Structures are given as C-alpha cells and as structure tokens.
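Here's the structure we're looking at; comments come further down.
The values are calculated or read from the model by the stated rules, or taken from the named source; none is laboratory data. Keep in mind the model is a prediction, meaning the values are calculated, not measured. Don't worry about glycine lacking a Cβ; one is built from the backbone with ideal geometry, like all the others, and counts go over all protein chains shown.
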Amino acid sequence: MKRSSVLILAPLLGLGLCALSGCSSMGAKPWQRAALSRPDMQVDADAVQAGLDDHIYFSKEASSGGRGFGGGGCGCN
C-alpha cells in the first residue's frame, strides 16, 4: 500500500473499532440488578403518589385512555 492510503485508512479503522466497542457495555450486569430492583429505585416507587399524579394529569388534560393515547377531550387531533 502507498503511504497516503495508510494515513487515511488507519484513522478510519481506529474510529470504526471505537464505534463498535461502544456497544459492548450496554445493559445492567448481573451484580447490578439487585440494586436496580429495589422498590426505591423504581420509576413509580410510591403507588399512591403515582395515582394522584395520574388523576391530576388526566383532570387537567380532559383526556381519557392513558398517557400513550393520542388526542384529548377538546377534539383537536
């Protein structure tokens, strides 16, 4: 190979290897799952507070169905 092609190919190869190695550490390890499954680590740790938040949200939005439901009570879809 010529020197100029090596100077171009080497950084591209290094960049490609860095991009592929970034996906190798995704997800929780088995020893981390115990800490992540504790009740205080949950998104809705307090069921009563989550229910009150949902009630306030739906009352203000005048909608029905759920948070993933498209549209509201005003008919402006």
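Among residues of the range 7-53 being surrounded by 10 or more Cβ atoms within 10 Å (Cβ to Cβ) and in a loop (DSSP other than H, G, I, E, B), the one that is modelled with the lowest pLDDT is Ala45. Residues in the range 7-29 that are more than 30 Å from Met41 (Cα to Cα) and aliphatic (A, V, I, L, M): Leu7, Ile8, Leu9, Ala10, Leu12, Leu13, Leu15, Leu17, Ala19, Leu20. Put simply, of Gly73, Gly65 the only residue that is on the phi > 0 side of the Ramachandran plot, at pLDDT below 60 and part of a loop (DSSP other than H, G, I, E, B) is Gly65.
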